Amino acid sequence: MFESIERIVVGHLPTPLEAAPGLSKELGVDLWIKRDDATGLAGGGNKVRKLEYLVADARARGANCLVTVGGPQSNHARMTAALAARLGMSCRLYLKGEAPRTLRGNLLLDKLLGAEVTFCGDADYPEIYQRIEADIASLREQGLEGYMIPVGGSSPVGLMGYVRMITEELVPQCAEQGVKPDALVVTAGSGGTLAGILLGLEASGWDLPVQSYSVSYPAAELAEKTAQLFNAGAKLLGMSAQRQGADIAIDEGHIGPGYGIATPGALEALQLFARREGLLLDSVYTAKTAAGMIHDIRGGRWAGKTVIFVHTGGWPALFAKDDVENFIRG
């Protein structure tokens, strides 16, 4: 299926599919966790799967500088910087917001990894992309050929990493371990991971319901973007499958006050995963998704059923979050 799409093998793959007995007992479901926090590369996380394809495409196009965008604690930016360092490439990160007075969390790691970081204030992503296009042209004068990676690595090429995760990892792991899931739960951020999972399920012929939880965008908007990525990815693979936004289950009810702001439910989920399983979530993405899942389970959904939670990583951001520290201090 993937023969014509180049890939650089970097991640520690396959990642484990692990039972979560403590959380299962707590919640009254049979919960399993797909450990994509354990992919390696400067703290791990889901982005390595996308970057294996995106950076292969960058090198095939003669690029020697990776350029991407994100929030100030972007996991994607961290992992892009790490892969650039590993391959001897330059890296330029364009991050939303103002430069902080101290380096913490992912931002500390970005700088340690050698990335050049530009803060873009209140500019939105379309405006930042325009700035990047102009800067990439000027980089050529320095002997740098830039390759633009969209926010979250969410592109038809990038989502191939999650098509492969389903077809070559999760399907055989479930068969080998006797896991028969009734649902799969995953974060919906920029849409690429979700689109790749849905496309992988389509390619494998596995009719498994997927419930996602948005951490930023309104559900309808994100569902349309995810459907567009799914359709473009299907075309890239020569598949005829098509999706519409209405086909994709995204819950926007656990975003809270906004992106990156921890909710009470997210903080509770963060603590539950830590104290029942010894697993670290992050308050921006995975803890909000876990909060949505826990809320639904407590409401009677999936009672006695088997659920797989896709842990997409992000724990380095914990070390930059005052709301998490305040919660732990009580």
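The values are calculated or read from the model by the stated rules, or taken from the named source; none is laboratory data. Just so we're clear, the structure is a prediction, and the values are computed from it rather than from any experiment. Here the Cβ is made from the backbone with ideal geometry for all residues, glycine too, and neighbour counts use every protein chain on show. The accessibility values were calculated without ligands, DNA or RNA, using every heavy atom of the protein model including side chains. Shrake-Rupley method; radii C 1.70, N 1.55, O 1.52, S 1.80 Å.
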*Once phi is turned into θ = phi - 60°, what whole-Hz ³J(HN,Hα) does the Karplus curve with 6.51, -1.76 and 1.60 give for every residue of segment 279-294, x standing for Gly and Pro?*
10, 9, 9, 10, 7, 7, 10, 5, 5, 5, 5, 4, 4, x, 4, 4
*For segment 102-193, give the magnitude of the charge dipole about the Cα centre (Cβ charges: +1 Lys/Arg, -1 Asp/Glu; no others), in debye to the nearest 20.*
220
*When all alpha-carbon pairs of segment 64-155 are counted, what percent fall beyond 15 Å?*
54
*What is the projected area of the convex hull of the Cα atoms of segment 69-221, averaged over all directions, in nm²?*
11.2
_Considering all alpha-carbon pairs of segment 30-69, what whole percent are spaced by more than 10 angstrom?_
75
*Short version: what are the Cα gyration tensor semi-axes of segment 1-143, square root of 5 times each eigenvalue, largest first, in whole Å?*
31, 21, 13
*How are the C-alpha pair distances of segment 204-330 spread across 5 Å bins, as whole percents from the shortest bin up?*
2, 10, 17, 20, 18, 14, 10, 6, 2, 1, 0
_Accessible solvent surface per residue of segment 69-109, calculated while the other protein chains remain in place, 1.4 angstrom probe, Å²_ = 39
*Cα-based shape type of segment 102-161, given that a ≥ b ≥ c are square roots of the gyration tensor eigenvalues and the cut on a/c is 1.5*: rounded
*Using the Karplus curve 6.51 cos²θ - 1.76 cosθ + 1.60 with θ = phi - 60°, work out ³J(HN,Hα) for each residue of segment 126-131 in order, rounded to whole Hz, and write x for Gly and Pro.*
x, 5, 5, 4, 5, 5
*Hey, could you pull the Cα Rg and Dmax for segment 148-192, both in Å?*
13.1, 41
_With every atom except the alpha carbons ignored, what do you get for Rg and Dmax of segment 1-44, in angstroms?_
15.1, 45
*So, how do all the Cα-to-Cα distances of the chain break down into 20 Å bins, in percent, from 0 on up?*
33, 60, 7, 0
*Rounded to a whole number, what % of the accessible area of the chain do carbon and sulfur atoms account for, probe 1.4 Å?*
50
*Among DSSP beta bridges whose residues both lie in the chain, state the antiparallel percentage, nearest 5.*
10
*Compute log10 of I(q)/I(0) for segment 25-91 with the Debye formula, placing one identical point scatterer on every Cα and leaving out solvent, at q = 0.20 Å⁻¹, to two decimals.*
-0.79
_If amide hydrogens are placed 1.01 Å from N in the peptide plane, which non-local residues have theirs closer than 5 Å to the one on Gly40?_
His12, Gly45
